[in-house]
Amino acid sequence: LGRGCPHSSSKMSSFTGNFHQDYDVLMPLGEGHFAKVVLAEHVSTRMLVAVKVLQKDKLRPTAVRREVSILKDLQHPNIIQLLEVSENSTTMFLVMEYARGKDLQRHIKRAERQKLQEERARLIFRELLEAVQYCHNRGVIHGDLKPANILMDREGHPKLSDFGVAFRFLPGQEVTTCGGTRQYAAPEIFLQKKYQGPPLDIWSLGILLFEMLAGVRPFSGSQTRLTKDALKGRYQFPQHFSKEVQSLIKGLLNPDPRMRPTLEKVRQHPWLQLESVPCHPPQLLPKATERAILHIMAGKGYNRLKVIDAVKCRKYDPDMAPFLLL
């Protein structure tokens, strides 16, 4: 099925209010300033999903619509997949693919000596590059790349999540967005000038790579000190960093956004060309053939034509969600 044009009872929890009947809410997974995330089970497929619960009175409607619009345009094995969008008068529910592993932050903390070996970091970084490159090719800047926003699946593959401050851009377009997390944000953001979008994500990738290998970020301290050090490129490499990875990080963390390498050049860097343990990337949802999925759904009472229409028009509704899950 092309991605062409842009029912049973549930044990409801007061945690999510009047969420519709296709899901059993199981337990909370986390809570932030503007949203809660719960683990739920899709009733007809018995597949686990993560549901982001957004309270409309705490968010700007345009911000929510922008995040949903962006997620609907992204289907990549290293990006958490949007499955369904549902809402009532007070709440919006974003049903997402559930990654059973921990986030990259916990993955690092649980590693030996609370940092990753270069071999392991290289595997993760390669897949992150593919995901960010895909976003940029689709005209999307993530804007908040950090370990807490990268989920690890059971096979150890990274998946980008949380596109809450993501935005669209055109090649060469200058922007003035101020979202993101200060410790991972590019220094040009704090100069109150216009700047281009892609170098923002490239800087954050440099912070990420450094943190994976060192267990700490290259810049720390007060906001003033952090900003000054980032603008002057003042940081030190731990002794165990190879010369190749130091070279890569120096390019990514160039204070001048015009001098940072493009993602195409990053992918060609010698450190990323070194041999690694074979790693099979995850597959895009769905995993079965489309005909087989439609046959399974028909057996569960779904209307084939409604499912086909939902998928082709990317409706992200109760007919599309089980298709993506299966």
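Quick notes
- Computed lengthening from A298 to Q268, 0.36 nm per intervening residue step minus Cα-Cα distance: 6.1 nm
- Residues of type lysines that K115 reaches as a straight line, Cα spacing below 23 Å, ignoring anything fewer than 8 places off in the same chain: K102, K146, K159, K243, K250
- Cα centroid separation, the range 217-232 to the range 80-130: 26 Å.
- Across the options V38, Q81, G172, the greatest Cα extent toward the positive end of the charge dipole of the chain (unit charges at beta carbon of Lys, Arg, Asp, Glu) belongs to G172.
- F34 paired with Q183, simple spin-label distance in nm, labels 7 Å along Cα-to-beta-carbon: 2.1 nm
- Fully extending the segment from K243 to E155, taken as 0.36 nm per residue of separation minus the present Cα-Cα distance, adds 28.8 nm.
- Per-pair calculated FRET efficiency, R0 = 30 Å: K72 and R225 via Cβ, rounded to 0.05: 0.15
- Only Lys, Arg (+1) and Asp, Glu (-1) charged, at Cβ; the range 104-273 dipole about Cα centre in debye: 400 debye
- In the chain, a dipole from Cβ-located charges (positive for Lys and Arg, negative for Asp and Glu) runs towards its positive end, and of L208, Y184, N254 it is N254 whose Cα lies farthest in that direction.
- Across the options T90, V68, L29, the greatest Cα extent toward the positive end of the charge dipole of the range 7-164 (unit charges at beta carbon of Lys, Arg, Asp, Glu) belongs to L29.
- Residues M259, M320, M47, sorted so that the one with the fewest Cβ neighbours within 10 Å comes first: M259, M47, M320
- Sorting D256, D22 from the fewest to the most surrounding beta carbons within 10 angstrom yields D256, D22.
- 3J(HN,Hα) along the range 56-68, derived from phi through the Karplus expression 6.51 cos²θ - 1.76 cosθ + 1.60 where θ = phi - 60°, amounts to 4, 6, 9, 10, 6, x, 5, 5, 5, 4, 5, 4, 5 Hz, with x in place of Gly and Pro.
- At most 16 other Cβ within 10 Å, DSSP loop - GluC sites (Glu not before Pro), the range 115-171: E155
- Expected 222 nm ellipticity per residue - DSSP helices of 4 or more, -39500 (n - 2.57), all of the chain, to 500: -10000 deg cm²/dmol
- About its Cα centre, the range 139-181 has a charge dipole of approximately 40 debye under the convention of +1 per Lys or Arg Cβ and -1 per Asp or Glu Cβ, with nothing else charged.
- Read-out semi-axes √(5λ) of the Cα gyration tensor in Å, derived from the coordinates shown; its label in [x] 36, 22, 19; [y] 41, 23, 20; [z] 81, 27, 15: [x]
- Share antiparallel - DSSP beta bridges, the chain, percent rounded to 5: 95 percent
- Each listed q (0.11, 0.13, 0.17 Å⁻¹) maps to a log10 I(q)/I(0) for the range 104-273 from the Debye sum over equal C-alpha point scatterers, namely -0.41, -0.58, -1.05.
- Extension gain for K194 to L305 (0.36 nm times residue separation, less C-alpha to C-alpha distance): 35.2 nm.
- By the beta-carbon count within 10 Å of each Cβ, the least crowded to most crowded order of E31, E188, E264, fewest first, is E264, E31, E188.
- Applied to the range 203-216, the Karplus parametrisation 6.51 cos²θ - 1.76 cosθ + 1.60 on θ = phi - 60° returns per-residue 3J(HN,Hα) values of 4, 4, 4, x, 4, 4, 5, 4, 5, 4, 8, 9, x, 9 Hz, with x for Gly and Pro.
- Net +/- balance of residues flanking F210 in space, Cβ distance below 11 Å, scoring K and R +1, D and E -1: +2
- Dipole in debye (nearest 20) - the chain, about Cα centre, beta carbon charges: Lys, Arg +1; Asp, Glu -1: 520 debye
- Measuring nothing but alpha carbons in the range 19-60 and taking Rh as the Kirkwood radius, the Rg to Rh ratio lands at 1.03.
The numbers here are math on the coordinates, done by the rules we state, and not lab data. In this text the structure is predicted, and so the values were computed from the model without any measurement. Please note: Cβ atoms are built from the backbone with ideal geometry, for glycine as well, and neighbour counts cover all protein chains shown.
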